[in-house]
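Colleague: My questions all concern the structure below.
The values are calculated or read from the model by the stated rules, or taken from the named source; none is laboratory data. Please read all numbers here as calculations on a predicted model, not as lab measurements. FYI the Cβ positions are ideal-geometry reconstructions off the backbone, even for glycines, and counts take in every protein chain you see. Side chains included, ligands, DNA and RNA excluded: accessible areas come from the protein's heavy atoms. Shrake-Rupley method; radii C 1.70, N 1.55, O 1.52, S 1.80 Å.
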Amino acid sequence: MKDIMNMNVKKLAFGAAVVFFTNFSVAQTVQDGINSIDSDKYAQAKTNFTNMIASAPTAENYFYLGNTYLKQGEPDYGAATDNFNKGLAADGKSYLNKLGLATVKLGKGDKGAIAEIQKIVTDSKEKDAEVLFRAAEALTLFEKNNSPDLAIQYLNKAIERAEKKGVPAHYYYTLGDAYRLKRMPGDAMSAYDKALPLAKNKASVYTRIGTLWMAAQQWQQAKTSIDKAIATDPSYAPAYKALAAYDIRYQQNAKATQDLINYTKYADEDPYTQLEIAKLYFTNEDYANSKQVLDKIFDKINDPIKFKLRAYQLYADGKYAEAKQNMDSFVSQADKSRVQPADQGLQGLIAAGLAKTETDAAKKTALTTEAQQKIAIAKAAKDETLKWDMELVKIAGGGASQADIDAGPTNPTIEGLKQKVAANAQDSDSLFKLATAYQDAKNWNGAIATWQKMNALLPDWAPGYYSLGYSYQQAGNNDAAKMAYEKFISTVKPAEQEANKQTLAYAYFAVAYMSKDSDVAKAKDYVAKSVQLDPTYQDAVKLNAEINK
């Protein structure tokens, strides 16, 4: 899921603020709580700040507790607002708590909050480095609602104000986070480099550097930095979450599961942290563990996001009606700003799943139309939470179990290649050979499952989709075959069309032939393209003449 795989910036990329109090013991306690947030120990941080409020109900202490609720995996805007209001009741002039309330508005999608934050900073006369820092943090906290330019401006001023006492490391790495939002990786890395010698826990900075390399798709450098983070502090939980994302990217599911076990071990039992773990298990296609974690916390969290995650789990299990109920609960209860294109895409996939077994023609048509419209929204937004076209192919094609595959024809070549693929899921050469061997043996279930893995590993390699379409066609599943062929057609790059001319001609013909009884207009369009690509292709010539009588 994209909102999971991007390594949510607010969880991994923002750190602590050092607050200077005259009482050293209080300062240490504040720092302990902030360090807990940075280590994804939100329950521990909440306990820390709650105890501080019990002994000293100051505006600052209410702010830090409220801010903890904003920085957890899924913000709890209600709890945050409650604490910020209590902070203002303690001190009506508290700039920090005013910033907190403005941050809640920004998180909910109110862009007018940016001007409100600017006014608060102006009213503070820009004298307090902490106010400048927290304003900048607010402007970088939310992926879709932010203002990195203004954040960079405030952070540079905060750094200037703090120079006499020494600039805290988090000022620099939050500056790096702002540059990340501007897609300026070089400036981000420079800011992280400045943070590194100042940071007490260098694992925090190494993890941020690692996720920056991941965002740039520089995977080896990313792994090196994450390994440094773990070597520096083996108990730093966010490093294991970053490592899990790395291993998920390379389809090392067993390793990713161990990473998540370690993350669970070093984070804490805060329900919202556990919700993040359930999301990551889902991304790792470890649906059993994802469901187990979600079931454990489902009744402990009020955020409607829990219904969305359950809907994904149920969709993965093919339980489309139950998945729809949960998505309906999420959409009806969540703020409209939280309903993303991916959510509409999922609703489209669920509608496609329901359409597959719907016997009423009118309802089936309505569901099919809904599926197309909502998936189009996700694709138009270039959302990659799921591979939308391939998910449709899976729905149309159903899924063969491993038992079905094993019951089909096999031979020593297949068995040997299965062992190679089991040892290394990234071995594209062995996957290709295994899929081809299954085809040669006419084990179409095996070929389909293996081509699906190949396409997941190499999503831009067009021939994999053609081969998947051919396997579906041989298995007698024309609906899935059509979708796979169309994915092949759309994936072939313009520069590759000449080399793939004959295969494209067949793909267009196959879709036309399988559509001629249900969608004549499409069949005419596709067969014409087939003939245009290869005028000597007699099957296409004959079909073209037949449907244009």
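Colleague: Determine, for each peptide in 132-144, 258-270, 216-228, the mean count of other beta carbons within 10 angstrom over its residues, then list the peptides with the highest first. All intermediate terms of the calculation are to be shown ahead of the outcome.
Modeller: Working: 132-144: 23.5, 258-270: 19.2, 216-228: 16.3.
Order by mean packing, descending: 132-144, 258-270, 216-228.
Colleague: Relative to the longest principal axis of the C-alpha atoms of the chain, give the angle of the C-alpha long axis of helix 148-162, reported between 0 and 90° and rounded to the nearest 10°.
Modeller: 30
Colleague: For residue 422 and residue 461, what is the calculated FRET efficiency with R₀ set at 25 Å and r taken between the beta-carbons, to the nearest 0.05?
Modeller: 0.70
Colleague: To continue, here is another question. How tilted is helix 444-457 with respect to the longest principal axis of the chain? Cα atoms for both, answer in degrees (0 to 90, nearest 10).
Modeller: Computed tilt is about 40 degrees.
Colleague: If you don't mind, another one. Pop out the ³J(HN,Hα) list for segment 113-124 in order, Karplus 6.51 cos²θ - 1.76 cosθ + 1.60 with θ = phi - 60°, rounded to Hz; leave Gly and Pro as x.
Modeller: 5, 4, 5, 5, 5, 4, 5, 4, 5, 4, 4, 6
Colleague: A follow-up question, please. How do the peptides 45-57, 94-106, 325-337 rank, highest first, by the average count of neighbouring beta carbon atoms within 10 Å per residue?
Modeller: So the peptides 45-57, 94-106, 325-337, ranked by packing, come out 94-106, 45-57, 325-337.
Colleague: Next up: Quick check: the angle from helix 77-90's long axis to the longest principal axis of the chain, C-alpha only, nearest 10 degrees?
Modeller: For helix 77-90, the angle is close to 10 degrees.
Colleague: When the chain is fully extended, how far beyond the present Cα-Cα distance does residue 521 get from residue 231, taking 0.36 nm per residue of separation?
Modeller: Extending this stretch completely gives an extra 98.2 nm.
Colleague: Can you pull the percent of segment 271-333's accessible area that's carbon plus sulfur, 1.4 Å probe, other chains left in place? Present the calculation step by step, with values, prior to reporting the outcome.
Modeller: Numbers: 1140 of 2640 Å².
About 43 percent, which is the carbon plus sulfur part of the accessible surface.
Colleague: Which ³J(HN,Hα) values, rounded to whole Hz and listed in residue order, are derived for segment 466-483 from phi using the Karplus coefficients 6.51, -1.76 and 1.60 in 6.51 cos²θ - 1.76 cosθ + 1.60 with θ = phi - 60°, glycine and proline given as x?
Modeller: 4, 5, 5, x, 4, 5, 4, 4, 5, 7, x, 9, 5, 4, 5, 4, 4, 5
Colleague: Could you report the chain's accessible area per residue, 1.4 Å probe, as an integer in Å²?
Modeller: 45
Colleague: Which percent of the accessible area of segment 352-497 is formed by carbon and sulfur heavy atoms (probe 1.4 angstrom)?
Modeller: 52
Colleague: Give a residue-ordered list of calculated ³J(HN,Hα) values for segment 243-250 (Karplus: 6.51 cos²θ - 1.76 cosθ + 1.60, θ = phi - 60°; whole Hz; x for Gly, Pro).
Modeller: 5, 4, 4, 4, 5, 5, 4, 9
Colleague: With Rg and the Kirkwood Rh both taken from Cα atoms, where does Rg over Rh land for segment 18-158?
Modeller: Taking Rh as the inverse mean 1/r over Cα pairs, Rg/Rh reads 0.94.
Colleague: How large, in percent, is the carbon and sulfur part of the accessible surface of segment 126-240 at a probe radius of 1.4 Å?
Modeller: Carbon and sulfur together cover 48 percent of it.
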